[in-house]
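Structure first, commentary second.
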Amino acid sequence: MYNNAMNINKNISRREFLKLSGLTAGALMIPWHKAEAAPISQEWAVGANLGRVSAGEYRSFIPLKTEPNVNAPDSTLVWRDDVLEINHEVVANQLDFNQYRQRWYETPAGYIMSKHVQPVKNLPNQPVSTLPSDEQGLPGMWVEITVPKLDFELTKSWSQASSWIRDSDGLAKLYYSQVYWVSDIRQANGRTEYLLSERFGALPDSFWVDARACRPITKEEIAPIHPDVGDKKVLVNLEYQTLRCFEGNREVYFCEVSTGWKRDGKFMTPPGSTPVWRKLVSLHMSAGGVYQYDLPGVAWTTIFHSEGQAIHSAYWHNDFTNPLTHGCVNCLPNDAKWVWRWMNPVVDLLPGELTVSNSSQSTFVQVVES
């Protein structure tokens, strides 16, 4: 869950200053390359390192810079959902003390702060001709979007759809790393198309898409990691915005995250130790009756708190280490998937959801402030 407001004027703490000071040495060791001004390619090379501009609302834009720092001249403008070729990831050659992450992406047309870009690839797939059967004997399968962005044909009026579609003024897309359920196949528009929907969460939207953009998820890739280890714990540090996985006293995984921001001096991700109570391959997340966010296809969701806080994948930002959610713990897709596979209890691909009835079988998530 994510707050779109950009935090660019906050005062830095002593800890943040020390972090930035440490980055200075790293900046001296990592070279940066001055990009030549060039048109932004509209062709997506298969397998290339790409980035989708995820900053701002629809029809908003952001400047690319001639050098990797906020004070450099603008080279050109890019719009929300533009797809850029990424040549290198570099460290700013002039520190911005309003930011913790000093990472930039070099593109053929200039530099952009990495937090404004979702790392993506273009990985087309061979469509299947028939769907496997789900746990009830009905056709269906889980798929992951493997192209930077994807148009869709809604099966209902846009005015009757979820707010992420309804409020987009016709610009809504599907995005790389989202996960959906396929329930039907057709031949239309000169290609194979899948009917996508969501099994769990908010409004039951469904839409036809180009099947080549969807990769079937297999049982093998979600096989549980160390399922027989009972002494597992996840430690989320709100001050440092990190997640660590432990088996006993041995740390087996580490990643950077984004947790809830501070409101009235308290983090919106509540400190404490709570067990996993629900796991889902994919969930349509919304704020309930009050519109705050509406996020479809959120993959690898592990709910650990009675108020709905969860560890899950995030495709709408790349600003990890910055607390900016309504309370959830955002991860890069690969990180969220590893943690989902590792945490007990084990969830089968079909139906792709488990609500825990006995918390003694669950991994505990411990959230600490420092």
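Coordinate-derived values only; no laboratory data. Computed from a predicted structure; not experimentally measured. Every residue, glycine among them, receives a Cβ derived from its backbone with ideal geometry; neighbour counts consider all protein chains shown.
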### Query
Sorted by average packing, counted as other Cβ atoms within 10 angstrom per residue and highest first, what order do 67-74, 97-104 take?
97-104, 67-74
## Note on the structure
By the Kirkwood definition, with r running over pairs of different Cα atoms, the stretch 251-331 has a hydrodynamic radius in Å of 13.3 Å
### Charged-residue dipole, Cβ positions (Lys, Arg, Asp, Glu), the stretch 108-257 about Cα centre, Debye nearest 20
300 debye
### Message
With +1 assigned to the C-beta of every Lys and Arg and -1 to the C-beta of every Asp and Glu, and no other charges, what is the dipole magnitude of the stretch 61-129 about the Cα centre in debye, to the nearest 20?
### Response
220 debye
### Query
Tell me, what is the percent relative contact order of the chain, built from C-alpha pairs under 8 Å that lie six or more residues apart?
15 percent
### Query
So what is the relative contact order for the stretch 293-370, in percent, with contacts set as C-alpha pairs under 8 Å and at least six apart?
24 percent
### Message
Under 20 °C and 1.002 mPa s, how fast does the chain diffuse according to Stokes-Einstein, given a Kirkwood radius computed over C-alpha pairs? Answer in µm²/s, whole number.
### Response
99 µm²/s
### Query
Between Phe61 and Ser370, what FRET efficiency follows from the Cβ-Cβ distance if R0 is 56 Å, with the result rounded to 0.05?
0.90
### Query
How would you order 293-303, 207-217 from highest to lowest mean count of nearby Cβ atoms within 10 Å?
293-303, 207-217
### Reciprocal mean inverse distance between Cα atoms of the stretch 204-358 - Kirkwood radius, Å
16.4 Å
### Query
Under the definition of Cα pairs under 8 Å and six or more residues apart, what whole-number percent is the relative contact order of the stretch 190-335?
21 percent
### Message
Charges at C-beta only: +1 for Lys and Arg, -1 for Asp and Glu. How large is the resulting dipole of the chain about its Cα centre, in Debye rounded to 20?
### Response
600 debye
### Query
What is the percent of Cα-Cα separations in the stretch 190-293 that go past 23 Å?
53 percent
### Query
Per residue of the chain, what 222 nm ellipticity follows from adding -39500 (n - 2.57) for every DSSP H run with n ≥ 4, rounded to the nearest 500?
-2500 deg cm²/dmol
### Query
With the dipole of the chain worked out from charges on the C-beta (+1 for Lys and Arg, -1 for Asp and Glu) around the Cα centre, which of Val346, Gly137, Val83 lies farthest toward the positive end?
Val346
### Query
Seen from all sides and averaged, what is the projected area of the convex hull of the Cα atoms in the stretch 66-168, in nm²?
10.7 nm²
### Cα pair count fraction exceeding 13 Å, expressed as % - the stretch 329-370
64 percent
### Message
Placing +1 on the Cβ of each Lys and Arg and -1 on the Cβ of each Asp and Glu in the chain, which of Phe61, Gln187, Ser306 has its Cα farthest towards the positive end of the resulting dipole?
### Response
Ser306
### Query
What spacing in nm lies between the two simple spin-label points modelled at Glu256 and Asn189, each 7 Å away from Cα in the Cβ direction?
3.6 nm
### Task
Based on the mean of other Cβ atoms within 10 Å per residue, sort peptides 151-160, 328-337 so the most packed one is first.
328-337, 151-160
### Query
Projected onto the charge dipole of the stretch 245-360 (+1 at Lys/Arg Cβ, -1 at Asp/Glu Cβ, origin at the Cα centre), which of Gly327, Ser357, Gly297 gives the Cα projection farthest towards the positive end?
Ser357
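Based on the inverse mean of 1/r over its pairs of different Cα atoms, what is the Kirkwood hydrodynamic radius of the stretch 125-237, in Å?
Values: mean 1/r = 0.0630 Å⁻¹.
15.9 Å is the Kirkwood radius here.
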